[in-house]
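Encoded as structure tokens, the structure appears first; notes follow it.
The numbers here are math on the coordinates, done by the rules we state, and not lab data. Remember, predicted model here, so these are calculated numbers, not experimental data. Every residue, glycine as well, gets a Cβ built from its backbone with ideal geometry; the counts of neighbours run over all protein chains shown.
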Amino acid sequence: MPKHLSIPAPRVASIPVARELLRYVVEAGDDAEALVRRAGLSHPARAILDPRWTGQLSRIEFSALYAEAAWALDAHAARQEGREPLAKPEFDLLCQCVVTCRTLRDVIARATAFEKMLVPRMGVLELVEEEGVAEFRMGTFRTKRNVSAYVSDLTGLSTHYRLFSWLIGEDIRILSVGFRYPRLVSRECASRLMLHPVIHGAPENALRFSAHYLDLPVVRTPAEMERLLQRFPFDLEEILSKEAPLSERVRVVFHSALARGQPLPTGAAIARQFHVSPATLKRRLAGEGLTLLDLKNACRGDLARALLDDHGLSIGDIAQWVGFSDSTTFSRAFRQWTGQSPGAWRGRDLAVEGEPLTH
């Protein structure tokens with residue numbers, strides 16, 4: 001009997017990110033020990049906050065801590081502006097309302113109408129389509145852009161992306177993520193909350209992706225939604241896709257490593273993560289007409305193109321981020337991927353000389 005490919009083994013939760021989130025809660029004036037108890041953790045907050053602590057958190061423990069921290073920070077941000085925070089039952093009701101939609105386009109339309117009733121506890125949504133690209137915008141009414149608001153809004157944007165992907169049973173390939181804030185958290189924290197690299201200082205909180213996803217059908221049921229909401233959106237290891245091709249799952253692993261600024265895992269490491277032999281991994285990718293090198297280059301190219309939209313990063317910075325030792329080698333590879341130099345690609349949106357870039 002052939003061995004079936006399993007989902008990736010759950011990763012050990014990031015202790016630095018858990019510590020960072022807990023520290024933000026303390027700085028907001030909340031009781032960290034009470035938060036940890038609400039999350040059901042066996043470890044006291046003082047232990048997690050101690051950099052010398054060598055303990056670990058399971059996937060479930062991390063998601064519970066993240067949930068409590070996110071709700072606490074959102075409540076803090078709301079208090080600063082004199083408004084009521086969003087409540088979990090309101091979020092759950094939104095999810096239950098959209099699961100009965102026919103397509104992703106219908107989902108976004110219904111979510112937009114629903115969230116208008118919750119302004120300013122939730123942002124104003126907008127969908128813009130242009131030349132085959134969909135831009136999903138999540139407007140915010142926040143006037144104080146501090147860490148509490150940052151974590152809350154980034155969680156919100158990531159939640160919409162993950163909800164949309166889960167509903168259609170397919171990991172939506174993001175072209176870029178724009179975020180109105182400067183970067184107020186560590187790179188590891190930002191990349192844990194949002195898998196795709198974030199372009200800070202953007203005009204809008206927005207996700208850009210191919211418009212073809214909008215007409216894909218919703219494949220989930222209300223019963224599946226009930227199960228999902230037990231830990232969604234804070235279980236960051238939740239599998240979004242249904243029977244995704246192996247290449248797409250490997251792509252997610254590569255994107256995750258690149259977003260964190262980590263070296264790309266080897267074929268042997270990926271094979272272990274998917275519980276198959278390196279030979280089986282190679283054979284199954286070949287069956288999809290791909291190699292690991294193809295996927296590595298595709299993910300590096302995806303990331304490089306997204307980062308070139310962030311004009312606060314130099315070509316050298318981007319080269320280093322996507323795993324090249326110098327900008328010359330990176331430029332040569334980028335030209336092979338796109339037929340253009342990084343500089344030419346960065347300037348492609350100049351409509352007429354002297355006008356600012358459009359995003």
Pick out which of Leu293, Leu86, Leu154 has the largest mean-square fluctuation in a Gaussian network model of the chain, springs linking Cα atoms closer than 10 Å.
-> Leu293
Note on the stretch 106-215: alpha-carbon gyration tensor, axes a ≥ b ≥ c; rule is a/c under 1.5 for rounded, else prolate if a/b larger than b/c, else oblate; result oblate
Calculated over the stretch 246-346: convex hull of Cα atoms, volume per residue (Å³) = 92
Potential extension, Arg110-Arg37 segment - 0.36 nm per residue separation minus Cα distance = 22.7 nm
What lysines could a cross-link reach from Lys242, if we take a straight Cα to Cα line under 19 Å and drop same-chain neighbours fewer than 8 places away?
-> Lys3
Of Thr54, Thr112, Thr221, the most mobile residue in a GNM of the chain (C-alpha springs, cutoff 10 Å) is Thr54
Counting other Cβ atoms within 10 Å, which trypsin sites (Lys or Arg not before Pro) in the stretch 140-229 have at most 10 and lie in a DSSP loop?
-> Lys144
Please name whichever of Thr329, Gly312, Leu154 sits farthest to the positive end of the charge dipole of the chain, dipole taken about the Cα centre and charges placed at Cβ: Lys and Arg +1, Asp and Glu -1.
-> Thr329
What value does the chain have for Rg/Rh, both radii from Cα atoms and Rh as Kirkwood defines it?
-> 0.95
Whole-Hz couplings from phi, Karplus 6.51/-1.76/1.60, listed for the stretch 184-195; x for Gly and Pro = 10, 10, 5, 4, 5, 5, 4, 6, 6, 6, 9, 4
The lysines whose Cα lies under 18 Å from the Cα of Lys88, excluding any fewer than 8 residues away in the same chain, are Lys116
So which GluC sites (Glu not before Pro) in the stretch 216-268 are both in a DSSP loop and have at most 10 other Cβ atoms within 10 Å of their Cβ?
-> Glu243
Calculated from backbone phi, Karplus (6.51, -1.76, 1.60) coupling profile of the stretch 146-162 in Hz, x at Gly/Pro | 10, 4, 4, 5, 4, 4, 5, 6, 5, 4, x, 5, 5, 4, 4, 4, 5
Please quote Rg/Rh for the stretch 15-228 to two decimal places, taking the Kirkwood radius as Rh and restricting both calculations to Cα atoms.
-> 0.97
Using +1 at the Cβ of each Lys and Arg and -1 at the Cβ of each Asp and Glu in the stretch 70-227, identify which of Leu184, His196, Ala206 lies farthest towards the dipole's positive end.
-> Leu184
Gap in Å between the Cα centre of the stretch 137-161 and the Cα centre of the stretch 212-273?
-> 22
